[in-house]
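Here the structure is laid out as structure tokens; the discussion comes afterwards.
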């Protein structure tokens, strides 16, 4: 669990090192789609495995992933890189003013995170969007099972069906639709579209009036899964090639902080409105509040303008600066 969060952002940083900016959001989407597909396969396979066998298979897959990485993935660190000045993708940590002292001497990554947030307004807005959408996502996941069980008496099989629907919809969206739509609309608009439908998804869940509504609402996942790959791509374009790991780690750290804060707020709220002592009758109120958090992320995303790939930056094995 300690290293679980680092796997994703390091994978995205590795991809950012090896993929051009114009194709980055599509590749990020494909990676997210593969994750959704593996999520579906994992949930489906547990129906045929015993509890002990499930853990054994999961551990075996982790070992296979490690061996594959060591054998087939070359190191992506670039020895030399030059960014032209006066572009938003200039290496932010290099152009930031040098400090005579550091607030966290033994934690340079904390200083780097603060520097990234202060140097690029686009990156700071992306970080704010990441925080609120993570609060919303974790909030609905903390509340949804209790809400559906209390309202419609859902059991574990129905919960699994909903998870599989979301996974299939996410796979189709990220692996097929995103590579087609992103070049046409742009990742900033795709981010806003994904967040808008994410908000709609949560609001409809909170007002579900029949057992079939959650199944229909989950089909919106085809659209609302656009948000995170687009957000990651926008963030990656704001920094230099040697800072991709720090940027993705910063976004992941903010999301992890939201994962801590959100259950502390939404779990008691869910318990209150599902109990007889609720101030008013609205069992899905906590999910509606998750929708409000997604709405804040949507409003913030409207103010983001994704940077176009710079034409004046070149990265190769020799140091050269274009005039």
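Bear in mind that the values in this text are calculations on the coordinates, not laboratory data. Note that the structure is predicted; figures quoted are calculated from it, not measured. Cβ sites come from the backbone with ideal geometry, for glycine too, and all protein chains shown count toward neighbours.
Compute the Cα gyration tensor for the range 107-190, then decide on rounded, prolate or oblate, letting a ≥ b ≥ c be the square roots of its eigenvalues: rounded whenever a/c is under 1.5, prolate when a/b is larger than b/c in the other cases, and oblate in all that remain. The shape class here is oblate. Put a dot 7 Å past the Cα of residue 114, heading toward its Cβ, do the same for residue 73, and the two dots end up 3.1 nm apart.
The label point for residue 57 and the one for residue 185, both projected 7 Å from the Cα toward the Cβ, are 3.5 nm apart.
FRET efficiency for the residue 210 to residue 257 pair, using the beta carbon distance and R₀ = 41 Å, is estimated at 0.65. Is the shape of the range 156-267 best called rounded, prolate or oblate, per the rule: a/c under 1.5 gives rounded, else a/b larger than b/c gives prolate, else oblate, with a ≥ b ≥ c the square roots of the Cα gyration tensor eigenvalues? Here the range 156-267 falls in the oblate category. At full extension, residue 275 and residue 38 could sit 81.7 nm farther apart than now, given 0.36 nm per residue minus the alpha carbon distance.
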